[in-house]
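> So that we are looking at the same thing, I have put the structure below in structure tokens.
The values are calculated or read from the model by the stated rules, or taken from the named source; none is laboratory data. Since we're looking at a predicted model, the values are computed, not measured. Glycine also receives a Cβ, built like all others from the backbone with ideal geometry; neighbour counts cover every protein chain displayed.
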């Protein structure tokens with residue numbers, strides 16, 4: 001065992017071993033400007049403060065709070081208990097090193113709030129207009145809480161609106177073969193589901209065309225920022241592009257002559273930041289998942305010569321595949 | 001063409017669907033001559049496997065004649081008679097090159113789903129839910145066979161369909177289960193479940209040198225078939241399985257135990273209802289009753305081999321027994337392609353005639369009836385073979 005540790009580790013192994021702590025030192029990644037807090041953590045922090053503020057209000061003035069949401073101030077005790085719960089969630093979020101537990105407690109609290117509001121609609125003297133507005137506000141907060149809790153749990157770390165994505169897969173081919181295939185960017189649409197074409201325009205530049213949301217086409221120009229033969233290719237979209245996009249692929253011989261470790265790292269700027277990315281994941285459009293599946297298809301092409309598909313096979317229904325289960329496979 | 005499709009719990013129907021086409025360059029199209037219902041199809045039928053979609057064509061045990069091949073198919077041509085392995089295997093990845101075909105890394109386009117459930121994905125499988133790729137299955141007139149060079153064995157002499165059809169799954173599955181027991185001369189093997197896989201496990205254990213096989217079930221016709229195969233039998237409705245096994249092995253326990261039951265096991269007594277309730281409340285997905293018994297009965301240092309299908313999570317797994325008795329657990333979807341040639345030789349040599357297991361011969365149109373018979377163990381049903 002000690003001999004194995006004494007062997008020089010591959011570059012990616014070293015990087016994994018420190019839990020990604022030196023990620024900021026990677027040459028292709030701009031240093032983040034604003035210290036340690038990610039977008040997810042900041043959002044959680046804001047929601048935590050909001051929780052405490054709302055809780056204090058409920059605790060101090062249950063009557064006013066009741067009138068504000070359109071119910072008669074009959075239950076000051078209940079409102080105060082809800083306030084205490086808000087404060088507890090808020091403190092949980094602000095004091096824990098991992099705020100996800102506190103965030104999930106807010107999600108649970110939102111469910112309770114929405115339940116109480118639904119019950120309030122049945123009360124005889126309720127102000128329906130105010131109740132509806134309060135319910136809409138609570139539903140909005142619930143959505144924010146859920147997305148924030150989900151992104152924290154998934155370990156997403158968005159900085160300056162940029163989300164890093166990493167995927168690794170071992171492929172049964174040599175680094176030379178894999179580098180050569182990838183370096184010809186016009187091959188990429190064969191296994192990257194959302195890409196339509198990549199044209200090399202010379203001088204390390206290329207034009208990328210991809211399918212966007214709702215049948216649109218997105219185009220951008222990219223340049224190679226680092227190119228080490230059989231080892232690494234890094235690229236990013238040039239300034240002025242609609243899409244902020246940067247990526248790097250590394251090829252490292254696997255121990256024991258068992259193919260090549262291929263690692264893709266992408267920097268991606270999701271619309272609406274981490275909330276947009278969280279929402280997209282609900283519809284099977286999680287960019288991290290898409291990168292992993294693209295890499296898997298790259299492996300299929302390099303090992304078998306093609307991407308295996310079920311599109312076009314027979315089935316006893318109108319669609320030959322299942323959008324629910326097979327949809328993600330097709331990007 | 002006609003195909004047997006899944007539409008919901010205990011609802012399969014034979015409907016008209018389009019003919020399959022070549023979709024990948026390594027594909028072939030097989031005109032099915034015989035197809036069977038597998039015990040594992042019953043887990044789909046009873047809705048225990050997630051990610052089924054109404055309209056999915058079922059079936060993964062089939063054989064027939066090649067009618068069309070893709071441009072990259074080298075070993076086969078139209079007119080070849082083949083049996084198809086149930087795991088779809090590329091032949092090129094790390095696992096395929098080591099003959100671990102059911103773990104192929106390239107044949108499941110929905111690998112991400114299986115990764116979420118299992119950590120890693122197994123190979124794609126015909127007609128076996130979208131978790132294993134959502135591939136159209138073999139209970140049909142025609143089937144598309146991906147990576148055809150690596151997923152088929154040519155049948156060149158005059159075997160009947162029923163003699164070779166089960167090379168697609170249950171014969172290699174029973175055989176691998178016995179092989180996984182690392183049998184030494186003189187060994188005693190206990191087999192839970194005398195369905196088709198259990199029957200092949202019993203006979204394979206003898207082929208691989210077991211001295212004695214003890215089979216556990218409750219259906220009289222299945223126990224009778226096990227005795228014809230040379231096994232001693234225990235009817236678990238009328239005897240305590242552990243006690244009898246100890247009496248018959250001098251208190252030491254069987255050298256190896258095979259769980260050929262899987263996730264829908266039964267037993268008399270309240271523990272069965274404990275698992276049924278937990279399953280109904282979704283606190284566990286699988287009922288591991290036979291597995292628990294096998295672990296408790298197995299001799300110290302013995303092997304528990306699990307060809308039975310499990311899909312998710314089990315409860316009250318006696319890990320203390322596994323650890324303190326130094327047991328080995330061996331399991332896995334069958335690496336069918338690995339067994340094609342050796343088992344074909346054993347059939348040719350007259351060591352075994354796999355057709356013994358067939359009890360019902362139906363037309364493909366009667367598939368829903370076949371499922372009913374097999375699932376309900378009605379009319380002495382052990383194995384259904386259908387012809388289009």
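> Which numbered condition in (1) in contact with a strand residue (DSSP E or B) (Cβ under 6 Å, 6 or more places away or on another chain); (2) surrounded by 16 or more Cβ atoms within 10 Å (Cβ to Cβ); (3) closer than 21 Å to residue A:297 by Cβ is the only one that residue A:220 fails?
(3)
> Of the residues in the stretch A:256-275, how many are buried (at least 18 other Cβ atoms within 10 Å of the Cβ) and away from chain B (no Cβ under 14 Å)? I'd like the intermediate steps shown before the answer.
Here is the first cut: in the stretch A:256-275, the ones buried (at least 18 other Cβ atoms within 10 Å of the Cβ) are A:259-268, A:270, A:273-275.
Narrowing the set further to residues that are away from chain B (no Cβ under 14 Å) leaves A:263-268, A:270, A:273-275.
Summing the residues that are buried (at least 18 other Cβ atoms within 10 Å of the Cβ) and away from chain B (no Cβ under 14 Å) in the stretch A:256-275 gives 10.
> I'm told residue A:326 meets every condition in (1) within 7 Å of chain B (Cβ to nearest Cβ); (2) at pLDDT 90 or above; (3) not in a loop (DSSP other than H, G, I, E, B) except one. Can you identify the failing condition by its number?
Residue A:326 satisfies all of (1) within 7 Å of chain B (Cβ to nearest Cβ); (2) at pLDDT 90 or above; (3) not in a loop (DSSP other than H, G, I, E, B) except (2).
> If you scan the stretch A:50-94, which residues turn out to be touching a residue at least 60 places away in the same chain (Cβ under 8 Å) and touching a helix residue (DSSP H, G or I) at 6+ places or on another chain (Cβ under 6 Å)?
A:69, A:70, A:71
> Applying the selection to the stretch B:206-234, what residues are in contact with a strand residue (DSSP E or B) (Cβ under 7 Å, 6 or more places away or on another chain), more than 19 Å from residue B:291 (Cβ to Cβ) and not in a helix (DSSP H, G or I)?
B:210, B:211, B:212, B:230, B:231, B:232, B:233 - these are the residues of the stretch B:206-234 that are in contact with a strand residue (DSSP E or B) (Cβ under 7 Å, 6 or more places away or on another chain), more than 19 Å from residue B:291 (Cβ to Cβ) and not in a helix (DSSP H, G or I).
> If the requirement is being within 14 Å of chain A (Cβ to nearest Cβ), touching a residue at least 12 places away in the same chain (Cβ under 8 Å) and under 18 Å from residue B:386 (Cα atoms), which of these qualifies: B:38, B:5? Write out each step before concluding.
Details: B:38 fails: within 14 Å of chain A (Cβ to nearest Cβ).
Just one listed residue meets the conditions, B:5.
> Restricting to the stretch B:337-365, name every residue that is more than 25 Å from residue B:228 (Cα to Cα), buried (at least 17 other Cβ atoms within 10 Å of the Cβ) and out of contact with any strand residue (DSSP E or B) (no Cβ under 6 Å at 6 or more places or on another chain).
B:337, B:338
> Among the strands (runs of 3 or more DSSP E) confined wholly to the stretch B:38-152, which include 3 or more residues that are within 18 Å of the chain's Cα centre (by Cα) and within 19 Å of residue B:3 (Cα to Cα)?
It comes to B:61-69.
> Go through (1) modelled with pLDDT under 95; (2) part of a helix (DSSP H, G or I); (3) crowded, with 20+ Cβ neighbours inside 10 Å and name the single condition residue A:178 misses.
In the conditions (1) modelled with pLDDT under 95; (2) part of a helix (DSSP H, G or I); (3) crowded, with 20+ Cβ neighbours inside 10 Å, residue A:178 misses (1) alone.
> Restricting attention to the stretch B:137-145, does a residue exist that is in contact with a strand residue (DSSP E or B) (Cβ under 8 Å, 6 or more places away or on another chain), in contact (Cβ under 8 Å) with a residue 60 or more places away in the chain and within 7 Å of chain A (Cβ to nearest Cβ)?
To start, the set of residues in the stretch B:137-145 that are in contact with a strand residue (DSSP E or B) (Cβ under 8 Å, 6 or more places away or on another chain) comprises B:137-145.
In the following step, the residues that additionally are in contact (Cβ under 8 Å) with a residue 60 or more places away in the chain were identified as B:137-145.
If we keep only those that are within 7 Å of chain A (Cβ to nearest Cβ) too, we end up with B:144.
Within the stretch B:137-145, one or more residues are in contact with a strand residue (DSSP E or B) (Cβ under 8 Å, 6 or more places away or on another chain), in contact (Cβ under 8 Å) with a residue 60 or more places away in the chain and within 7 Å of chain A (Cβ to nearest Cβ).
> So if I check each of A:300, A:248, A:290, which one is under 22 Å from residue A:217 (Cβ atoms), in contact (Cβ under 8 Å) with a residue 24 or more places away in the chain and either surrounded by 21 or more Cβ atoms within 10 Å (Cβ to Cβ) or more than 11 Å from chain B (Cβ to nearest Cβ) (or both)?
On the way: A:300 fails: under 22 Å from residue A:217 (Cβ atoms); A:248 fails: under 22 Å from residue A:217 (Cβ atoms).
Going through A:300, A:248, A:290 in turn, the sole match is A:290.
> Something else now. Could you identify the single residue in A:312, A:305, A:278 that is out of contact with any strand residue (DSSP E or B) (no Cβ under 6 Å at 6 or more places or on another chain) and more than 14 Å from chain B (Cβ to nearest Cβ)? If you could, list the steps in order and put the result at the bottom.
On the way: A:312 fails: more than 14 Å from chain B (Cβ to nearest Cβ); A:305 fails: more than 14 Å from chain B (Cβ to nearest Cβ).
Exactly one residue qualifies, and that residue is A:278.
So that you can scan it fast, the table gives a plain yes or no per residue for (1) more than 14 Å from chain B (Cβ to nearest Cβ); (2) surrounded by 15 or more Cβ atoms within 10 Å (Cβ to Cβ); (3) touching a residue at least 12 places away in the same chain (Cβ under 8 Å); (4) under 26 Å from the mean Cα position of the chain (by Cα):
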position	(1), (2), (3), (4)
A:201	yes, no, yes, no
A:207	yes, no, yes, yes
A:230	yes, yes, yes, no
A:244	yes, yes, yes, yes
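> For the stretch A:71-89, state whether one or more residues are within 24 Å of the chain's Cα centre (by Cα), outside any helix (DSSP H, G or I) and surrounded by 14 or more Cβ atoms within 10 Å (Cβ to Cβ).
no
> Scan the stretch B:269-282 for residues that are at pLDDT below 80 and more than 23 Å from residue B:41 (Cβ to Cβ) and jot them down. If you could, list the steps in order and put the result at the bottom.
Narrowing the stretch B:269-282 to residues at pLDDT below 80: B:269-271, B:282.
Correct list: B:269, B:270, B:271.
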